[in-house]
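Bear in mind these aren't lab numbers, they're just calculated from the coordinates by the rules spelled out. The structure presented is a predicted model; accordingly, all values stated were derived computationally and were not measured. Backbone-built Cβ (ideal geometry, glycine too); neighbour counts: all protein chains shown.
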Amino acid sequence: MEIRTTRSEQPRSDADLAAILAKPGFGVHFTDHMFTVEWTPEAGWHEARITPYAPLSLDPATAVLHYAQETFEGMKAYRHDDGSIWTFRPEENAQRMVRSSRRLAFPVLDPDDFVQAVDALVTVDQRWVPDADGEKTLYVRPFMIATEAFLGVRPSQHVTFMVIASPAGAYFKGGVKPVTLWLTEEYTRAGRGGMGAAKTGGNYASSLVAQQEATRHGCDQVVFLDAQQGRYVEELGGMNMYFVLADGRIVTPETGTILEGITRSAIIELAGKMGHQVEERKISIDEWREGVAGGQITEVFACGTAAVVTPVGRLLWDGGEAPSPTGEEGGPLTMRIRRELVDIQLGRAEDGFGWMHRVV
Ligand SMILES: *Cc1c(COP(=O)(O)O)cnc(C)c1O
């Protein structure tokens, strides 16, 4: 793919950028540039370009605004101590966007072009990749939207794929602490044949009211059960789940209606290499509650690109509560998996899996 680059004439000043990188927050500041490529049935993917970051001008009838035909990805660029910049398994994000695109009736973007687009934007905006102190990163957001101005219901005949990037601070400010979860029994995330395995805004739109319910009950995050029986643990709004058993086995809900997390799949490999048997299977809410009470479940954690791994503490539901299996701290295996993943991502441990991709 040939990419035309037009550099910003007003990039952030060094002083402004230093202030942003000192306290980046999440998703509030954006880099100086953005990547765009467009698709039509006649021309295919065309006009790949990097241009100064700017608002889009959209016709009010633009399809994505009405029918939510969109898919996105989330990944990070990490600066290593020697100044080099890396991403983590970007081909997996590219492949997942292909799967999401198929579900959303989008044309497929070649995975090599996806990786090239991310590399190109991160390279142009490399001064925005923070030093890794305290797990700071550059969060990268590729996304695909239906940009045809048409109110009929059918796949859009004009599609736009973009990449933007935003510096991100550490997910945990005052050290890694277990999150409290709200078990929603009213809302589900995805049903059989639905969009649960696609990374698409609709899944997030449908999770917001459940997250509000969680917040009202003093919880950090919401956990969803399967839509058919309301019995099996699926995942959080944007993180996959893991359970550590007393005998060293590790269980994670099987795929199908959940999002196939790249962190989730890395942990399957990592924990396997550490000698743990990893089971991808259904795990019921009763197994969770009784397992914590009876000591068969010794640790619970969630995982995703943003937090990497977060320990799970208390579980609340309408009329009851299960205690944190590991009190106020994350469990030992949870914290070890977290440390090993972060060390690989930040270049502080050898990457024996071939996960890291050098950008700069
Ligand atoms: C992105 C996402 C995850 C985590 O996936 P990673 O590839 O590990 O970041 C989990 N659940 C949902 C619903 C997601 O959108």
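Taking 14 Å as the cut-off, the amide N atoms of the stretch 83-106 that come nearer than this to a point 7 Å along the Cα-to-beta-carbon line of K273 belong to 89. Annotation for the stretch 28-103 versus the stretch 239-303: alpha-carbon center distance of 31 Å. For G237, the amide hydrogen comes within under 5 Å of the amide hydrogens of V222, counting only partners 5 or more places away or on other chains and with H modelled in the peptide plane. Here the extension length gained between Q126 and A54 equals 24.1 nm, from 0.36 nm per residue of separation less the Cα-Cα distance. A simple rule links phi to the HN-Hα coupling: the Karplus curve 6.51 cos²θ - 1.76 cosθ + 1.60 with θ = phi - 60°, which for the stretch 215-229 gives 4, 4, 8, x, 9, 7, 9, 10, 10, 9, 9, 5, 6, 6, 10 Hz, with x for Gly and Pro. Sequence-ordered 3J(HN,Hα) estimates for the stretch 67-74 from the Karplus curve with 6.51, -1.76 and 1.60 and θ = phi - 60° stand at 10, 6, 6, 7, 8, 9, 10, x Hz, glycine and proline given as x. Here the stretch 220-319 was treated as a single set of alpha-carbon atoms; its pair distances binned every 5 Å from 0 give 2, 12, 25, 28, 20, 10, 2, 0, 0 percent. Among L21, L151, L225, the largest mean-square fluctuation in a Gaussian network model of the chain (Cα springs under 10 Å) belongs to L151. For D351, put the label point 7 Å out on the Cα→Cβ axis and report which residues of the stretch 101-125 keep their amide N under 20 Å from it. Counting backbone N atoms under 20 Å from the label point, the list is 111-125. Could you check which residue among W182, W39, W317 shows the biggest mean-square fluctuation in a GNM of the chain with a 10 Å Cα cutoff? Judging by the Gaussian network model, the answer is W317. Potential lengthening of the chain between H46 and D318 amounts to 92.7 nm, from the contour at 0.36 nm per residue minus the alpha-carbon distance.
Spin-label model, E280/L208: points 7 Å from Cα along the beta carbon direction are separated by 3.2 nm. Note on the chain: along the principal axes its Cα atoms extend 61, 52, 36 Å, ordered by decreasing extent.
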